[in-house]
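The block underneath contains the structure these notes are about, expressed in structure tokens.
Readers should treat all values here as calculations from the given coordinates under stated rules, not as data from a laboratory. Everything numeric in this text was worked out from a predicted model, so none of it was measured. Positions of Cβ are generated from backbone atoms using ideal geometry, with glycine treated the same way; all protein chains shown enter the neighbour counts.
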Amino acid sequence: MNQHEDMQDSPGEPLPRPAVTAAARAREAREDAMRWAIANLRCSDPRTLEEQGVNVYFAPNLRRGVKVVSLADGRIDQFRPDEHLPGAGCFADYASLDAYCRRWGAPMQEIEGSVVVQLPPDAGDRTARPEPQD
């Protein structure tokens, strides 16, 4: 008998899966909501962006008519007054995010409805500060 056979009630039943805690699910949801920001802005916490002057919105509390960038996938959107708002997600105001990137010397580019940006390695670090750009 192997070590897993004694854990099964009957020969065809699957082994019980470890429980996923609510905290682990919440952490995974935050990481999903910030996936693009983590990879491109080196920032995993929307508060860090807010501290740097980026206006961050959490769905469904989005401002209509304001150009925003999804921090999950970098897609650009602007929700019309009659348009359905997403129920979840984290979005940055396009203009304030662009200003943040320019302060780091890396202006954003729009390619096929998404933002592309390459910030320096120390961007997103709370101790590092961007050099002023003239």
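Taking a label point 7 Å from the Cα of Lys67 along the Cα→Cβ vector, which residues of the range 78-114 have an amide N closer than 12 Å to it?
78, 93-99, 108-111, 113-114
Would you please name the GluC sites (Glu not before Pro) within the range 44-83 that are DSSP coil residues with at most 12 other C-beta atoms within 10 Å of their C-beta?
Glu83
For Arg47 and Ala95 in the same chain, what is the full-extension length gain: residue separation times 0.36 nm, less their Cα-Cα distance, in nm?
Length gained between Arg47 and Ala95: 15.6 nm.
Convex hull over the alpha-carbon atoms of the range 21-116: what's its volume per residue in Å³?
About 95 Å³ per residue, rounded to a whole number.
At a threshold of 8 angstrom on Cα-Cα distance, excluding pairs fewer than six apart, so keeping six or more, what relative contact order does the range 21-116 reach in percent?
Over the range 21-116, the number comes to 26 percent.
Return the long-range amide H neighbours of Ser114 (sequence gap of 5 or more, or a different chain), with a cut-off of under 5 Å between placed amide H atoms.
Correct list: Ile76.
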